[in-house]
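Contents: one structure, followed by commentary.
The values are calculated or read from the model by the stated rules, or taken from the named source; none is laboratory data. Model, not experiment: these values are computed from the prediction. Positions of Cβ are generated from backbone atoms using ideal geometry, with glycine treated the same way; all protein chains shown enter the neighbour counts.
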Amino acid sequence: MSDNNNAFSSVNPSHHQASSSSSTSSSSSNSSMSSSNLSSTCSSVLPDSNMPIVLNTNRPQSPVFLHEINMPQSMMAENWCYTQVKVIKFSYVWTINNFSFCREEVGETLKSSTFSAGANDKLKWCLRVNPKGLDEESKDYLSLYLLLVSCCKNEVRAKFKFSILNAKGEETKAMESQRAYKFVQGKDWGFKKFIRRDFLLDEANGLLPDDKLTLYSEVSVVTDCVNISGQTSMNRFKIPECRLADDLSGLFENSNFSDVVLVCRNKEFKMHKAILASRSAVFAAMFEHQMLEGKSNRVMIEDVDADVMTEILRFIYTDKINAIDKMADLLLAAADKYALERLKALCEESLSNSLDSENVADTLVLADLHSANQLKAHAIDYINTHAPDVIDTPGWKNMTKTYPHLVAETFKALVNQQSPTVGPAKKRLKL
C-alpha cells in the first residue's frame with residue numbers, strides 16, 4: 001500500500017523487525033502534513049506525517065452517546081431508529097525515570113505495566129515505546145504504541161491520544177488517532193514517528209524535567225452499539241421545554257415576592273428564604289433562629305465582599321457562577337462558610353489548575369483553613385514535585401513561620417511518596 005506520504009511496513013510484534021514482503025513506499029515533498037504517522041506494528045500500512053495534533057482540553061465525559069436528532073414536524077417519518085454508541089473513556093500516565101539511560105538500539109522496546117478502564121474491565125492494555133525508533137526509518141524519533149494485552153472478545157475498536165507532560169504538567173506534542181481502530185489481543189497501534197529525539201532531549205524544551213519522560217494517554221473504547229426502533233405517532237403532543245433554570249435565574253435577577261433582605265457592605269440583596277434555606281443548611285439554621293428570636297427579616301453580612309456575595313447567591317439560584325477564576329480564593333472561603341460543597345469543590349478545582357511556585361504555599365494555607373482536602377492534597381503534591389522552586393518564595397517562608405504543621409505534613413507526604421516506574425494518574429477532583 002502507498003499514497004502521497006511515506007508508507008509504513010507491517011512488523012512482527014514479537015521481533016519488532018520490518019517485514020519486507022508487505023510494504024511499498026513513495027514520497028511527496030508537499031504532502032507531509034496531510035495525515036498523522038499512525039501505524040500498527042502488526043499488519044497495517046498507513047500514511048506518515050510528523051505534524052502533532054493539538055487537541056482541545058475540554059474533553060467530553062464517558063460514556064458518550066449519539067443523541068437523537070429532533071426533526072421538524074414536516075420531516076417526521078412513520079418509522080424511526082435511535083442508535084446508542086457507548087464509549088468508555090479513560091486515561092493513563094506513564095513516567096519513565098532516567099530516560100537518557102534507556103536502551104539506545106533501534107527497535108528495542110520498553111513496556112508499561114498493564115492498565116484498564118476499571119477493576120472489573122477484562123480488557124488490559126499497555127503502552128510500548130521504542131526510545132530510538134522502531135526501525136532504521138524512524139531511528140531519529142521516539143516510537144509510541146498502544147497494545148491490547150488481553151481481551152475477552154474477538155476484536156475491540158478504540159481511539160487513542162498520546163501526549164507528553166512537561167515540567168508544569170501541561171500536555172504538549174499531542175497526537176491522536178483519527179478514527180477507531182480494530183484491536184485484537186497482541187496487536188498494537190501507534191505512531192512510528194511520535195517525536196524527534198533531538199527535540200525531546202533538548203533541555204530548553206522542558207520535556208524531560210529531572211530526566212523523567214511522562215507520557216499521557218487517553219483511550220476511548222467502543223463497548224456496545226444498541227438500536228432502539230419503533231413507529232411514530234403522527235399526532236404527537238407538543239411539550240414545552242423545561243424552563244426551571246431560566247425561571248430561577250429570573251427570580252435571582254429581580255426582587256419579586258422576596259421575603260428577606262441580605263445587607264452586605266451597604267448593598268442590599270432582596271432574596272427568598274425558601275430558596276436560600278433549601279440550598280444552604282447555614283441559611284436554613286439562620287432563618288430558623290431569627291424566627292424563634294422574633295427578629296426582622298433583615299440579615300447583616302459583614303465578612304463577605306458584595307461582589308463575592310453576588311456570585312454566591314447566583315450559584316444558589318442557578319448552580320452557575322461567573323468568572324470563578326478571578327475570585328476562586330474568596331469564593332472558596334464563602335462557600336465553606338455557607339456549606340455549599342459543590343461550589344467549594346469547583347473553587348478547589350479552579351485553584352488547583354492555577355497552581356505555580358509563587359502561589360502554592362498560600363493556596364495550601366487557604367485549603368487548610370477551609371478544610372478543602374482535595375485542594376490541600378494537590379498543593380502538597382505540587383510542592384513536593386517542585387520543591388527547589390517553592391522553598392525560596394515569600395509564601396513558603398511565611399508558611400514555615402505561621403503554619404509549621406503544614407510544613408510537617410508536606411514532608412510527611414514526601415517521605416511516604418513512592419517512586420514507581422509507572423506514575424499514577426493525577427487524581428480528578430470530585431465535584
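Only one entry in Tyr82, Tyr145 is modelled with pLDDT under 90, part of a strand (DSSP E or B) and among the hydroxyl-bearing types (Ser, Thr, Tyr), namely Tyr82. Met399 falls short on exactly one of the conditions (1) within 27 Å of Tyr216 (Cα to Cα); (2) outside the structural domain of Ser278 (by TED's automatic domain parsing); (3) crowded, with 19+ Cβ neighbours inside 10 Å; (4) among the aliphatic types (A, V, I, L, M), and that condition is (1). One residue alone among Ala372, Ala334 is assigned by TED's automatic domain parsing to the domain that holds Pro394, surrounded by 17 or more Cβ atoms within 10 Å (Cβ to Cβ) and either basic (Lys, Arg) or at pLDDT 95 or above (or both), and that residue is Ala372.
Picking from residues in segment 85-116 that are hydroxyl-bearing (Ser, Thr, Tyr) and not in a strand (DSSP E or B), the one that is modelled with the lowest pLDDT is Ser100.
Kindly check whether there is at least one residue in segment 221-236 that is assigned to a loop (DSSP other than H, G, I, E, B) and under 25 Å from the mean Cα position of the chain (by Cα). The answer is no, given that none of the residues of segment 221-236 is assigned to a loop (DSSP other than H, G, I, E, B) and under 25 Å from the mean Cα position of the chain (by Cα). Among the residues of segment 179-188, some residue qualifies, meaning at least one is touching a Cys at 6+ places or on another chain (Cβ under 8 Å) and among the acidic types (Asp, Glu).
When Glu137 is tested against (1) at pLDDT 90 or above; (2) under 20 Å from Lys212 (Cα atoms); (3) not in a strand (DSSP E or B), exactly one condition is not met: (2). I'm told Asn154 meets every condition in (1) assigned to a loop (DSSP other than H, G, I, E, B); (2) at pLDDT 90 or above except one. Can you identify the failing condition by its number? For Asn154, the failing item is (2).
Taken over segment 376-396, the criterion of being farther than 18 Å from Gln417 by Cβ and surrounded by 15 or more Cβ atoms within 10 Å (Cβ to Cβ) is satisfied by Thr393, Gly395, Trp396. Is there a residue in segment 343-350 that is crowded, with 17+ Cβ neighbours inside 10 Å and farther than 26 Å from Leu276 by Cβ? Checked against the condition, which is being crowded, with 17+ Cβ neighbours inside 10 Å and farther than 26 Å from Leu276 by Cβ, segment 343-350 yields no hits at all.
Do we have Ala379 as of a type in the set (A, V, I, L, M) and not in a helix (DSSP H, G or I) here? It is false that Ala379 is of a type in the set (A, V, I, L, M) and not in a helix (DSSP H, G or I).
Within segment 188-215, being surrounded by fewer than 20 Cβ atoms within 10 Å (Cβ to Cβ) and aromatic (Phe, Trp, Tyr) holds for one residue alone: Phe199.
Scanning segment 264-274 for residues that are crowded, with 17+ Cβ neighbours inside 10 Å and not in a strand (DSSP E or B) returns His272, Lys273. Hey, any hits in segment 275-283 for a residue that's assigned to a helix (DSSP H, G or I) and without any contact (Cβ under 8 Å) to a residue 12 or more places away in the chain? Yes; the residues of segment 275-283 include at least one that is assigned to a helix (DSSP H, G or I) and without any contact (Cβ under 8 Å) to a residue 12 or more places away in the chain.
Of all the criteria given as (1) within 26 Å of the chain's Cα centre (by Cα); (2) outside any helix (DSSP H, G or I), the one not satisfied by Val365 is (2). For Ser74, the stated conditions hold: it is part of a helix (DSSP H, G or I) and either modelled with pLDDT under 90 or of a type in the set (A, V, I, L, M, F, W, C) (or both).
Scanning segment 96-139 for residues that are without any contact (Cβ under 8 Å) to a residue 60 or more places away in the chain, in contact with a Gly (Cβ under 7 Å, 6 or more places away or on another chain) and of a type outside the set (A, V, I, L, M, F, W, C) turns up just one, Lys139. If the condition is being farther than 23 Å from Val299 by Cα and among the hydroxyl-bearing types (Ser, Thr, Tyr), then segment 332-374 contributes Ser350, Ser352, Ser354, Ser357, Thr363, Ser371. Within segment 178-206, restricting attention to residues that are farther than 23 Å from Val106 by Cβ and in a strand (DSSP E or B), the residue that is nearest to the chain's Cα centre (by Cα) is Tyr181. For the residues Asn120, Asn97, Asn79, the requirement of being surrounded by 12 or more Cβ atoms within 10 Å (Cβ to Cβ), farther than 25 Å from Glu136 by Cα and not small (Gly, Ala, Ser) singles out Asn97. If only residues of segment 287-306 that are of a type in the set (Asp, Glu) and under 13 Å from Asn266 (Cβ atoms) are counted, the one that is surrounded by the fewest Cβ atoms within 10 Å (Cβ to Cβ) is Glu302.
Considered as a group, the residues in segment 110-147 that are hydroxyl-bearing (Ser, Thr, Tyr) and under 28 Å from the mean Cα position of the chain (by Cα) include one that is nearest to Glu176 (Cα to Cα), and that residue is Tyr145.
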